[in-house]
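Beneath this line is the structure, given in structure tokens, with notes to follow.
The values are calculated or read from the model by the stated rules, or taken from the named source; none is laboratory data. All of these numbers come straight from a predicted model, not from anything done at the bench. Using ideal geometry, Cβ is built from the backbone for each residue, glycine included, and neighbour counts are taken over all protein chains shown.
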Amino acid sequence: MKDAKISAQKLNFIIAVCAILISAASFYATYLQADAANKQVKAMTLPLLQFGSGNWDEVEKQNKLTFAFSNVGAGAAMIKNVNYYYRDKKYPSFNKFLEACCDPEYGQFLKKAKKTKQDHGVKSAGTVGSPKTRPVENTALIGENKFFQMVLTKYNESFWLKLNSERFHLTTEVCFCSLLDNCYISRENGIAKSVEQCL
């Protein structure tokens, strides 16, 4: 009887251990499934930003300087901040880059554009060749944001040519977040690096 009792205790112990192992395996399988689902959702909402510039508008068939950010990823990008790097120096805004790259031509153009607008009114902006600008920071980007466009005119020619030449020395660093609040930093169209938040 004693041996039978011990065997029953061993059997109960083995059953209990098996139940624990099955529960652990089930929990691990559930964890793996949830992790895979989370990664899939993350991949489906992952933005990927690229920066580029050009000097010709194929649709309008005219010389037009264009600076743009494109989102080639799967989800929308919430752009938090952008730094502009020109000849290894960092600038906090595109206007600061313009001052660094293109003065005195930039300053001369601004004076000329201001005088022309005063003499002929705001409608002269297109004739002068004043740039069309759009905000970049604190915006949601799905496709493309052409944030700076400037058609070549006789009024802006020296500035236009200078900017066209110096744009090749410009790179950007963008901090952006996905719709799931996962944040990334991308520089020089490289792979996005995950960060806790955009500062």
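Quick rundown of the values:
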item: Helices (runs of 4 or more DSSP H) wholly inside the range 58-141 containing at least 2 residues that are closer than 18 Å to Phe168 by Cα and outside the structural domain of His169 (by TED's automatic domain parsing); result: none
item: Number of the condition not met by Ala24 [criteria: (1) over 21 Å from Cys177 (Cα atoms); (2) modelled with pLDDT of 90 or more; (3) hydrophobic (A, V, I, L, M, F, W, C)]; result: (2)
item: Residue in the range 150-161 that is in contact with a strand residue (DSSP E or B) (Cβ under 6 Å, 6 or more places away or on another chain), in contact (Cβ under 8 Å) with a residue 24 or more places away in the chain and among the polar types (S, T, N, Q) present; result: no
item: Residue match in the range 135-148 (condition: of a type in the set (S, T, N, Q), loosely packed, with under 15 Cβ neighbours inside 10 Å and within 16 Å of Phe69 (Cβ to Cβ)); result: yes
